[in-house]
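Report on one structure; see the data block that follows.
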Amino acid sequence: MNQAPSNPNSNGATTSGAGGAVGGAAPSPTFSPLYQQIKALITQSLQSGEWKPGELIPSEVELAGRYKVSQGTVRKAIDELAAEHLVVRRQGKGTFVASHNEARAHFRFLKLMPDEGVPQHFEHDYLEVKRIRAPAEVARLLDLKSGDAVVYIKRLMSDAGAPTILEELWLPGQLFKGLTAERLAEYKGPMYGLFESEFGTRMIRATEKIRAIAADAPTAQALKVAEGTPLLCADRVSFTYGDKAVELRRGLYLTAKHHYQNELS
C-alpha cells in the first residue's frame, strides 16, 4: 500500500516556488479564485459541524450575503462541493449536506457489482472486532505513531447467502472509542453511516490500489472456494475533511459472478 495523497481541500493563497524566479527576483504570490475561497469557507463550516449530514444548508442568496460575494460565486463553489459529493442539490428543496445514510451513497465506495441484475445490499458477518496496537504499515498510512491503538474489524460479506467479500479494516482508536462488534451488528444502515452519525467521522474521498491475488488457505475457507482461486484485492485509504486519513481497508473480492465497476469523470 503506497498511498501518497495530496490535499484537495487546500484552497487558500499559495506562493510560487523559487524555481520560477528570474535573476534572483523574489517569487510572487499567487491567489486562489474567489469561488475557491468561498468553497474553503463552506467546507470549514461542514467540517466544524455547523451543518450536520442530511441538513439543509443556507441558500445561495443567504451565503452570498454572509460572505459578501455574488450569488454566482457561491453557486460555483457549491457546484464543486456537489461534484465532490460533499453536498447534494435537490430540485425545489435546496442544497443539503451529503450523508452516507442516503440510498444513493451506499455504493459510492463499494464498487463490486453483480454481473446480472441490480446491486443489492450485502449481508454482513463480523468475524473479529478488537482493539490492537497499530502495526507499522497501518500506523504510517493512518498517520499514527507505531503502537497507537486501532480498532481492527474483519467481516465477511455475502450476496444472497454466497460469501463474496472478505474485508479487514483498521480505524484510529482515538476516533472510534466504543466501537464494538455488538454495535456494528445492531446497526442496520451502511457502516459509513454509523461512523458519520455516532463517531462524527465522514468519509469524503478514498484512494485505492487494486491487484489480482490467489486465495490463501484461510481466505479460501472463509469464501468457500478452493485455495489458489483468483481474487481481486483492493487496498483503500479513506479520508475525512482536512485530508485526514481515518480508515485503512483491505477487501478481497470473489469475481466469479461480480465485477469491479468505477465511473470516471
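When you restrict to C-alpha pairs under 8 Å that are six or more residues apart and normalise by the size of segment 219-265, the relative contact order lands at 30 percent. Within the straight-line cut-off of under 22 Å between alpha carbons, the lysines reachable from Lys257 are Lys111, Lys209, Lys224, sequence neighbours fewer than 8 places apart in one chain being disregarded. Distance between the C-alpha centres of segment 114-179 and segment 204-250: 9 Å, rounded to the whole angstrom.
Bear in mind that the values in this text are calculations on the coordinates, not laboratory data. These numbers come from a predicted model, not from an experiment.
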